[in-house]
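Some notes on the structure that comes next.
The values are calculated or read from the model by the stated rules, or taken from the named source; none is laboratory data. In this text, all values refer to a predicted model and were calculated from it rather than measured experimentally. No Cβ is skipped: glycine too gets one built from the backbone with ideal geometry, and neighbour counts run over all protein chains shown. Side chains included, ligands, DNA and RNA excluded: accessible areas come from the protein's heavy atoms. Shrake-Rupley method; radii C 1.70, N 1.55, O 1.52, S 1.80 Å.
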Amino acid sequence: AQTVTQSQPEMSVQEAETVTLSCTYDTSESDYYLFWYKQPPSRQMILVIRQEAYKQQNATENRFSVNFQKAAKSFSLKISDSQLGDAAMYFCAYDGNKLVFGAGTILRVKS
Amino acid sequence: GAVVSQHPSWVICKSGTSVKIECRSLDFQATTMFWYRQFPKQSLMLMATSNEGSKATYEQGVEKDKFLINHASLTLSTLTVTSAHPEDSSFYICSASLLGSGFTGELFFGEGSRLTVL
(Lines give C-alpha, C1' and ligand atoms only; values in the text may rest on other atoms or scores of the structure.)
Protein backbone atom coordinates (compact mmCIF):
# COMPACT_ATOMS: atom_id res chain seq x y z
CA ALA A 1 0.00 0.00 0.00
CA GLN A 2 1.12 3.51 -0.71
CA THR A 3 2.17 5.63 2.24
CA VAL A 4 2.95 9.31 2.58
CA THR A 5 5.19 10.64 5.33
CA GLN A 6 5.46 14.21 6.52
CA SER A 7 8.11 14.28 9.20
CA GLN A 8 7.56 17.85 10.37
CA PRO A 9 4.49 18.19 12.63
CA GLU A 10 5.01 21.95 12.89
CA MET A 11 7.09 24.59 11.14
CA SER A 12 7.48 28.32 11.69
CA VAL A 13 8.62 30.98 9.27
CA GLN A 14 9.09 34.71 9.47
CA GLU A 15 6.94 36.77 7.16
CA ALA A 16 8.66 37.34 3.79
CA GLU A 17 11.06 34.46 4.40
CA THR A 18 11.21 31.08 2.68
CA VAL A 19 10.19 27.76 4.18
CA THR A 20 10.37 24.18 2.90
CA LEU A 21 7.97 21.45 3.94
CA SER A 22 9.13 17.86 3.54
CA CYS A 23 7.27 14.89 2.16
CA THR A 24 8.32 11.38 1.24
CA TYR A 25 6.20 8.61 -0.14
CA ASP A 26 6.38 4.95 -0.88
CA THR A 27 5.05 3.32 -4.02
CA SER A 28 5.93 0.67 -6.56
CA GLU A 29 4.08 2.50 -9.31
CA SER A 30 5.84 4.53 -11.96
CA ASP A 31 2.95 6.74 -12.99
CA TYR A 32 1.09 8.79 -10.42
CA TYR A 33 0.31 12.31 -9.24
CA LEU A 34 1.46 14.18 -6.17
CA PHE A 35 -0.28 17.10 -4.55
CA TRP A 36 0.12 19.65 -1.82
CA TYR A 37 -3.13 20.78 -0.21
CA LYS A 38 -3.62 23.60 2.27
CA GLN A 39 -6.22 23.48 5.02
CA PRO A 40 -6.71 26.84 6.76
CA PRO A 41 -8.72 27.21 9.99
CA SER A 42 -11.92 27.21 7.93
CA ARG A 43 -11.13 23.51 7.23
CA GLN A 44 -11.72 23.98 3.48
CA MET A 45 -9.13 21.97 1.54
CA ILE A 46 -7.37 24.07 -1.09
CA LEU A 47 -5.12 22.72 -3.81
CA VAL A 48 -1.72 24.41 -3.70
CA ILE A 49 0.23 22.59 -6.40
CA ARG A 50 0.37 19.30 -8.25
CA GLN A 51 3.05 17.28 -9.98
CA GLU A 52 2.75 14.51 -12.55
CA ALA A 53 5.33 11.81 -11.90
CA TYR A 54 6.24 11.47 -15.55
CA LYS A 55 7.28 15.12 -15.73
CA GLN A 56 10.84 15.80 -14.68
CA GLN A 57 10.31 19.53 -14.44
CA ASN A 58 9.33 20.73 -10.99
CA ALA A 59 5.91 22.35 -10.78
CA THR A 60 5.63 26.00 -9.74
CA GLU A 61 2.65 28.17 -8.88
CA ASN A 62 3.62 31.75 -8.10
CA ARG A 63 5.33 31.66 -4.67
CA PHE A 64 4.94 27.90 -4.37
CA SER A 65 7.31 25.40 -5.93
CA VAL A 66 8.18 21.77 -5.42
CA ASN A 67 11.37 19.76 -5.44
CA PHE A 68 10.35 16.43 -6.91
CA GLN A 69 12.95 13.71 -6.63
CA LYS A 70 11.34 10.61 -8.14
CA ALA A 71 14.15 8.19 -7.42
CA ALA A 72 14.29 9.29 -3.81
CA LYS A 73 10.47 9.43 -3.62
CA SER A 74 10.65 12.90 -2.19
CA PHE A 75 8.27 15.78 -2.86
CA SER A 76 9.00 18.91 -0.84
CA LEU A 77 7.12 22.20 -1.01
CA LYS A 78 8.91 25.53 -0.95
CA ILE A 79 6.99 28.66 -0.03
CA SER A 80 8.78 31.87 -0.92
CA ASP A 81 8.02 35.33 0.46
CA SER A 82 5.79 33.81 3.14
CA GLN A 83 2.62 35.72 3.96
CA LEU A 84 0.39 35.65 7.02
CA GLY A 85 -2.32 34.05 4.90
CA ASP A 86 -0.07 31.06 4.28
CA ALA A 87 -0.57 29.92 7.87
CA ALA A 88 -2.43 26.63 7.70
CA MET A 89 -2.10 22.87 7.86
CA TYR A 90 -0.37 21.55 4.74
CA PHE A 91 -0.97 18.03 3.49
CA CYS A 92 1.11 16.14 0.98
CA ALA A 93 -0.93 13.62 -1.00
CA TYR A 94 -0.21 10.74 -3.35
CA ASP A 95 -2.61 9.78 -6.10
CA GLY A 96 -2.48 6.28 -7.47
CA ASN A 97 -6.16 5.49 -7.89
CA LYS A 98 -7.20 7.13 -4.65
CA LEU A 99 -5.75 9.99 -2.72
CA VAL A 100 -3.58 9.11 0.28
CA PHE A 101 -2.66 11.97 2.61
CA GLY A 102 0.31 12.51 4.86
CA ALA A 103 -0.16 13.42 8.51
CA GLY A 104 0.15 17.12 7.79
CA THR A 105 2.44 19.96 8.80
CA ILE A 106 1.16 22.98 10.70
CA LEU A 107 2.78 26.11 9.29
CA ARG A 108 2.91 29.20 11.48
CA VAL A 109 3.88 32.54 9.98
CA LYS A 110 5.35 35.16 12.31
CA SER A 111 4.92 38.86 11.64
CA GLY B 1 -12.75 25.93 -10.44
CA ALA B 2 -15.33 23.27 -9.80
CA VAL B 3 -17.50 23.69 -6.70
CA VAL B 4 -18.49 21.01 -4.24
CA SER B 5 -21.00 21.81 -1.54
CA GLN B 6 -21.66 19.90 1.64
CA HIS B 7 -24.70 20.14 3.85
CA PRO B 8 -25.14 20.49 6.75
CA SER B 9 -21.91 22.16 7.82
CA TRP B 10 -22.60 21.36 11.46
CA VAL B 11 -25.01 18.90 13.00
CA ILE B 12 -25.67 17.88 16.58
CA CYS B 13 -27.67 14.75 17.24
CA LYS B 14 -28.61 12.44 20.07
CA SER B 15 -26.96 9.09 20.49
CA GLY B 16 -28.84 6.37 18.60
CA THR B 17 -30.21 8.59 15.87
CA SER B 18 -29.17 8.65 12.22
CA VAL B 19 -27.68 11.62 10.42
CA LYS B 20 -27.45 12.25 6.68
CA ILE B 21 -24.78 14.43 5.11
CA GLU B 22 -25.09 15.53 1.50
CA CYS B 23 -22.31 16.23 -0.95
CA ARG B 24 -23.17 17.97 -4.20
CA SER B 25 -21.06 18.89 -7.21
CA LEU B 26 -22.63 22.18 -8.28
CA ASP B 27 -21.20 22.82 -11.72
CA PHE B 28 -19.89 19.50 -12.93
CA GLN B 29 -20.80 15.84 -13.01
CA ALA B 30 -18.83 13.68 -10.63
CA THR B 31 -18.64 10.02 -11.49
CA THR B 32 -16.61 9.40 -8.38
CA MET B 33 -16.87 10.98 -4.95
CA PHE B 34 -14.82 10.27 -1.87
CA TRP B 35 -15.70 10.48 1.80
CA TYR B 36 -13.07 11.30 4.41
CA ARG B 37 -13.06 11.53 8.15
CA GLN B 38 -10.79 13.92 9.99
CA PHE B 39 -10.10 14.11 13.72
CA PRO B 40 -8.79 17.38 15.20
CA LYS B 41 -5.28 18.24 14.02
CA GLN B 42 -5.02 14.94 12.18
CA SER B 43 -4.96 13.86 8.59
CA LEU B 44 -7.85 12.93 6.33
CA MET B 45 -8.65 9.25 6.44
CA LEU B 46 -10.41 7.86 3.39
CA MET B 47 -13.59 6.06 4.40
CA ALA B 48 -15.04 5.05 1.07
CA THR B 49 -15.13 5.67 -2.64
CA SER B 50 -18.55 6.36 -4.03
CA ASN B 51 -19.32 5.59 -7.66
CA GLU B 52 -22.51 6.76 -9.31
CA GLY B 53 -24.94 3.93 -9.84
CA SER B 54 -22.97 1.28 -8.00
CA LYS B 55 -22.11 0.25 -4.48
CA ALA B 56 -19.51 2.20 -2.60
CA THR B 57 -16.08 0.73 -1.97
CA TYR B 58 -15.20 0.93 1.70
CA GLU B 59 -11.72 1.11 3.16
CA GLN B 60 -10.57 -1.56 5.56
CA GLY B 61 -11.92 -1.03 9.03
CA VAL B 62 -14.87 1.13 7.98
CA GLU B 63 -18.23 -0.37 8.88
CA LYS B 64 -20.48 -0.49 5.84
CA ASP B 65 -23.64 -0.79 7.92
CA LYS B 66 -22.66 2.13 10.11
CA PHE B 67 -21.71 4.52 7.31
CA LEU B 68 -24.16 4.16 4.46
CA ILE B 69 -23.14 5.81 1.22
CA ASN B 70 -25.45 6.44 -1.69
CA HIS B 71 -24.43 7.99 -5.00
CA ALA B 72 -27.72 8.11 -6.81
CA SER B 73 -26.86 10.78 -9.34
CA LEU B 74 -23.83 12.34 -10.96
CA THR B 75 -24.12 15.39 -8.72
CA LEU B 76 -25.10 13.96 -5.35
CA SER B 77 -23.60 11.55 -2.87
CA THR B 78 -24.89 11.07 0.65
CA LEU B 79 -23.30 9.69 3.79
CA THR B 80 -25.66 8.43 6.49
CA VAL B 81 -24.25 7.74 9.91
CA THR B 82 -26.65 5.20 11.37
CA SER B 83 -27.30 4.79 15.08
CA ALA B 84 -24.71 7.44 15.82
CA HIS B 85 -22.66 7.29 19.00
CA PRO B 86 -20.33 9.85 20.60
CA GLU B 87 -17.29 8.13 19.07
CA ASP B 88 -18.70 8.93 15.63
CA SER B 89 -18.27 12.63 16.38
CA SER B 90 -15.83 13.95 13.82
CA PHE B 91 -15.34 16.18 10.81
CA TYR B 92 -16.51 14.53 7.60
CA ILE B 93 -15.30 15.80 4.25
CA CYS B 94 -16.38 14.81 0.78
CA SER B 95 -14.55 15.36 -2.47
CA ALA B 96 -15.36 14.85 -6.10
CA SER B 97 -13.27 14.02 -9.11
CA LEU B 98 -13.74 15.15 -12.66
CA LEU B 99 -12.25 11.90 -13.82
CA GLY B 100 -13.65 8.41 -13.75
CA SER B 101 -11.76 5.39 -12.54
CA GLY B 102 -8.01 5.39 -12.40
CA PHE B 103 -6.27 8.52 -11.20
CA THR B 104 -8.36 10.79 -9.09
CA GLY B 105 -6.72 13.76 -10.74
CA GLU B 106 -7.51 17.00 -9.00
CA LEU B 107 -10.07 16.60 -6.27
CA PHE B 108 -12.52 19.31 -5.34
CA PHE B 109 -13.45 19.33 -1.69
CA GLY B 110 -16.61 20.24 0.12
CA GLU B 111 -16.54 22.56 3.11
CA GLY B 112 -16.83 19.66 5.51
CA SER B 113 -19.50 18.68 8.03
CA ARG B 114 -18.89 18.65 11.75
CA LEU B 115 -20.89 15.95 13.51
CA THR B 116 -21.35 16.05 17.27
CA VAL B 117 -23.16 13.14 18.87
CA LEU B 118 -24.40 13.75 22.40
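Observations on the structure shown:
- Criterion violated by A:SER82 - all others in (1) more than 13 Å from chain B (Cβ to nearest Cβ); (2) open to solvent by 50 Å² or more (accessible area, probe 1.4 Å) satisfied: (2)
- Tally of residues being over 22 Å from B:LYS55 (Cβ atoms), within 14 Å of chain A (Cβ to nearest Cβ) and at pLDDT 95 or above across segment B:78-110: 2
- Residue match in segment A:85-99 (condition: surrounded by 20 or more Cβ atoms within 10 Å (Cβ to Cβ) and farther than 18 Å from B:TYR36 by Cβ): yes
- Those strands (runs of 3 or more DSSP E) of segment B:22-118 in which 1 or more residues are surrounded by fewer than 16 Cβ atoms within 10 Å (Cβ to Cβ) and touching a residue at least 40 places away in the same chain (Cβ under 8 Å) occupy B:76-81, B:113-117.
- Per this entry, B:PHE34 is counted among residues that are hydrophobic (A, V, I, L, M, F, W, C), at pLDDT below 95 and under 14 Å from the mean Cα position of the chain (by Cα).
- Count of segment A:33-52 residues which are within 20 Å of A:PHE68 (Cα to Cα), out of contact with any Asp or Glu (no Cβ under 6 Å at 6 or more places or on another chain) and buried (at least 17 other Cβ atoms within 10 Å of the Cβ): 8
- Taking the criterion of being open to solvent by less than 10 Å² (accessible area, probe 1.4 Å) and more than 19 Å from A:GLN44 (Cβ to Cβ), the only residue of segment A:67-79 that qualifies is A:PHE75.
- Residue match in segment B:43-57 (condition: touching a His at 6+ places or on another chain (Cβ under 7 Å), within 13 Å of chain A (Cβ to nearest Cβ) and at pLDDT below 90): yes
- Residue within segment A:2-20 that is touching a helix residue (DSSP H, G or I) at 6+ places or on another chain (Cβ under 7 Å) and either within 10 Å of chain B (Cβ to nearest Cβ) or open to solvent by less than 30 Å² (accessible area, probe 1.4 Å) (or both) present: no
- Test: residue in segment B:14-36 that is facing chain A (nearest Cβ under 9 Å), in contact with a Phe, Trp or Tyr (Cβ under 6 Å, 6 or more places away or on another chain) and either closer than 30 Å to A:GLN51 by Cβ or among the small types (Gly, Ala, Ser) (or both): no
- When the strands (runs of 3 or more DSSP E) confined to chain A are screened for residues that are modelled with pLDDT of 95 or more and farther than 26 Å from B:VAL3 by Cβ, those reaching at least 1 such residues are found at A:3-5, A:10-14, A:19-21, A:24-26, A:64-69, A:74-79, A:105-110.
- Condition check for A:PHE64: open to solvent by less than 40 Å² (accessible area, probe 1.4 Å) and away from every other protein chain (no Cβ under 14 Å): yes
- Residues located in segment B:1-21, provided they are hydrophobic (A, V, I, L, M, F, W, C), surrounded by 14 or more Cβ atoms within 10 Å (Cβ to Cβ) and more than 26 Å from A:CYS92 (Cβ to Cβ): B:VAL11, B:CYS13, B:VAL19, B:ILE21
- Single match in B:VAL4, B:VAL11 (criterion: aliphatic (A, V, I, L, M), out of contact with any Phe, Trp or Tyr (no Cβ under 8 Å at 6 or more places or on another chain) and at pLDDT 90 or above): B:VAL11
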